[in-house]
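Working notes for the structure below.
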Amino acid sequence: MLILGWVYIGSTAEKGLPPLRSYFADSEAARADSSQPQNQRLYLAPGPLKPGKVVVEYLSGSLFSLFGGFMGGAVGSNLVRHDSETDDNSDFGQIFVVLLGYMTGSAIGSTFGVCIGGNSGGEHGSTWGTLAGSVIGTAAGLGLASAVAQNDYDNFVPAFTVYTLTQVSGAVLGFNLSRKKVVYKSQSP
């Protein structure tokens, strides 16, 4: 062990590396002595919007919205399990909890999907901005879906499609309004 330490100290002296003690010391002088480059994150104005990237954001946002919505609906349905013989007037409450779980899961899912699809090429968007856009899109989608459905169960698929597209559109809009180009600048002390 002692021989390996001696070989390491000898090899660092030949290469011009800082001594081993500088890596273990906790003082500012020891950290400044280190020749390791430090990365600095710079935020620049983003480039123009690329149509292919927006399509990827829509596809991944829609996919994760559906997955997250069904997972949230499953959690909501597990929360409202009850004995149907004793409670016969709570159907509206059960449906409301399942729909609330679906909307919450789909809002989180679309946020996650749009951020995954959009954070590429050195451009990053705000997760909170994407979530805010998704929540606003959820509210608008709920209104538009109820207008499309008009209390007719035959219009369920068009209403569901309008809801999902409006929600994902809000998430994509929130993401692209908050996106920035991130560049890492390496500096040596």
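Structure data summary
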{"quantity": "Subset of the stretch 141-164 that is aromatic (Phe, Trp, Tyr) and free of Cβ contacts under 8 Å to residues at least 12 places away in the same chain - its residue that is nearest to Tyr102 (Cα to Cα)", "calculated": "Phe156"}
{"quantity": "Inter-residue pairs, beta-carbon under 7 Å, first among the aromatic types (Phe, Trp, Tyr) and in the stretch 94-110, second surrounded by 22 or more Cβ atoms within 10 Å (Cβ to Cβ), 6+ apart", "calculated": "Tyr102/Gly69; Tyr102/Gly72"}
{"quantity": "Residue list for the stretch 73-119, restricted to those being in a loop (DSSP other than H, G, I, E, B) and at pLDDT 80 or above", "calculated": "Asn119"}
{"quantity": "Residues being within 29 Å of Pro48 (Cα to Cα) and surrounded by 12 or more Cβ atoms within 10 Å (Cβ to Cβ) - total across the stretch 132-189", "calculated": "32"}
{"quantity": "Matching residues in the stretch 120-162 - criterion: being outside any loop (DSSP other than H, G, I, E, B), within 13 Å of the chain's Cα centre (by Cα) and of a type in the set (Ser, Thr, Tyr)", "calculated": "Thr127, Thr130, Ser134"}
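The values are calculated or read from the model by the stated rules, or taken from the named source; none is laboratory data. It should be emphasised that the depicted structure is a prediction, and the values quoted were computed from it without experimental measurement. Cβ sites come from the backbone with ideal geometry, for glycine too, and all protein chains shown count toward neighbours.
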